[in-house]
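Accompanying notes for the structure given below.
The values are calculated or read from the model by the stated rules, or taken from the named source; none is laboratory data. If you're wondering where the values come from, they're calculated on a predicted model, not measured in any experiment. For neighbour counting, all protein chains shown are included, and Cβ atoms are generated from backbone atoms with ideal geometry for every residue, glycine included.
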Amino acid sequence: MIVITAPTGQIGHQTLTGLLDSGQPIRVIARDPARLSPQVRGRVEIVQGSHGDGDAVAEAFAGADSVLWLVPPNPQADNIEDYYLDLTRPACDAIKSQGVKRVVGVSSLGRAYGKPAGLLSPAFAVDELFESTGVNYRSLVMPFFMENLLGQIEAIKSQGMFLLANSADRPLATVATRDIAAAAADLLLDDSWSGQGSVPVIGPDALSPNGMADILSEVLERPVRFQQVSGEAYKTTMLRYGMTDGFAQGLVDMATAQNDGIYDAEQRTLQTAGPTGFRQWCQEVLKPALTA
Ligand SMILES: NC(=O)c1ccc[n+]([C@@H]2O[C@H](COP(=O)([O-])OP(=O)(O)OC[C@H]3O[C@@H](n4cnc5c(N)ncnc54)[C@H](OP(=O)(O)O)[C@@H]3O)[C@@H](O)[C@H]2O)c1
C-alpha cells in the first residue's frame, strides 16, 4: 500500500498520476475528496481529513509500505517552523504506531548551509523529525520550483515582467515539479532501499533570473524582463497579498540565503535526475497557462 498526502497539489497530483497504472494499491489523504478527479476517486482508497490530523494519518498509514509526505505551504502561518513541525508530528507518531516501512519526504536543497534560511529551514527541521523516528527515509531535496513563476503569470502577461528578491545575475537552480513527482513515484514503488538519506532533484540549467527572462521572451515571442526588488519591498508586496509577517519574512530570508549560495554545495550530477530544462518547461507549461 502506497499513501499519498496532498494529492490535489502540484507534486502529490503528478505523483499520483504516475502511480495509478502501477498495479499497487494506493490510498490518499484529502481534505475535500471532491477536488480529486472522478477517474482518480474510483481507483484509490480515500481517507478524508487533513494530513496534520492524528486520527486521519493513523487511519491512512495502517498497513502502508510507503508514504509520500509533504507539508503544504501555509501563508497564514504566524510561525513557519512551528507550523511545519506541528503538522508533521502526528505523522511521525503514526509511522511508529502503524509500522510504516518507508517515507519519502519533500524537502529542499541546502541543508548543509547551516545558517537560517527562511522558508527552507523548517523543511530541514521536518527531515530531522522523520530521521529521529528511525524510519527508512528519503528526503527529496530541490531548488526553486519553476512553477513558482505561475504565481506571476498576470504580471508576465500584462506588464511583461516578473519580480523576485533574488539577484538578477546570480544563477538560481530550478526544477520542474513533474521531475520531483517522477522521482517520488520511483522511490515509492521501489522496496529495495533502506536507511536514511537525501535524493537531489535539480533541473539541468544554471540560469540567473535575467537569463530566465531572456528565455521567457524567446518562448513567448514578446519582451519579458526581470525586476529585482529589495527584501523590504518584496515583503511589503507579500503582506499586501494577505501573508502573515512570519511567512513573508520567511520568503525574504529564503531569497537572502539563495543569494548567499545556499544551493551551491550540492551540484547537479547525473544522479540528480531532473531532466526538464527551463526552456522546455516554458514551452510546455508556462506558455499554455499564459494563453489559456
Ligand atoms: N516552491 C518551491 O520553490 C519549493 C522548493 C523546495 C521545496 N518546496 C516544498 O514543496 C512543498 C510544496 O509542494 P507543492 O507545491 O506540491 O504543494 P501545493 O501544490 O501547494 O499543494 C499543497 C496541497 O495541500 C493541500 N493543503 C493546503 N493546506 C493544507 C493544510 N493546512 N492541511 C492539509 N492539506 C493542505 C491543498 O489541497 P486541498 O486544498 O485540496 O486540501 C494543496 O493542493 C512545500 O513543503 C515546500 O516547502 C517548495
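Numbers at a glance
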item: Matching residues in the range 101-127 - criterion: being outside any loop (DSSP other than H, G, I, E, B), small (Gly, Ala, Ser) and more than 13 Å from the ligand (Cβ to nearest atom); result: ALA112
item: Qualifying positions in the range 176-207 - in a loop (DSSP other than H, G, I, E, B) and more than 12 Å from the chain's Cα centre (by Cα); result: ASP190, ASP191, SER192, TRP193, SER194, GLY195, GLY203, PRO204, ASP205, ALA206, LEU207
item: Subset of the range 128-148 that is part of a helix (DSSP H, G or I) and within 11 Å of the ligand (Cβ to nearest atom) - its residue that is farthest from TYR83 (Cα to Cα); result: MET146
item: Criterion (part of a loop (DSSP other than H, G, I, E, B), at pLDDT 95 or above and basic (Lys, Arg)) met by exactly one of ARG222, ARG279; result: ARG222
item: Test: SER230 is surrounded by fewer than 18 Cβ atoms within 10 Å (Cβ to Cβ), touching a residue at least 60 places away in the same chain (Cβ under 8 Å) and more than 28 Å from LEU140 (Cβ to Cβ); result: yes
item: Qualifying residue in the range 45-59 (condition: near the ligand (Cβ under 9 Å from one of its atoms) and either at positive phi or assigned to a strand (DSSP E or B) (or both)); result: yes
item: Filtered residues of the range 150-208 (kept if among the hydroxyl-bearing types (Ser, Thr, Tyr), over 22 Å from GLY134 (Cα atoms) and in contact with a Ser or Thr (Cβ under 8 Å, 6 or more places away or on another chain)); result: SER167, SER208
item: Failed item, numbered, when VAL28 is tested on (1) among the hydrophobic types (A, V, I, L, M, F, W, C); (2) within 11 Å of the ligand (Cβ to nearest atom); (3) closer than 16 Å to ASP93 by Cβ; result: (3)
item: Answer residue from the range 61-84, given it is within 15 Å of PHE247 (Cβ to Cβ) and of a type in the set (A, V, I, L, M) and is surrounded by the most Cβ atoms within 10 Å (Cβ to Cβ) among those; result: ILE80
item: Residues of the range 25-45 classified as under 27 Å from ASP186 (Cβ atoms), exposed (fewer than 15 other Cβ atoms within 10 Å of the Cβ) and either in contact with a helix residue (DSSP H, G or I) (Cβ under 7 Å, 6 or more places away or on another chain) or aliphatic (A, V, I, L, M) (or both), total; result: 1
item: Criterion (within 16 Å of the ligand (Cβ to nearest atom), at pLDDT 95 or above and within 24 Å of ALA123 (Cα to Cα)) met by exactly one of ASP245, ASP253, ASP205; result: ASP253
item: Flag for ALA94 being assigned to a loop (DSSP other than H, G, I, E, B) and either surrounded by 15 or more Cβ atoms within 10 Å (Cβ to Cβ) or on the phi > 0 side of the Ramachandran plot (or both); result: no
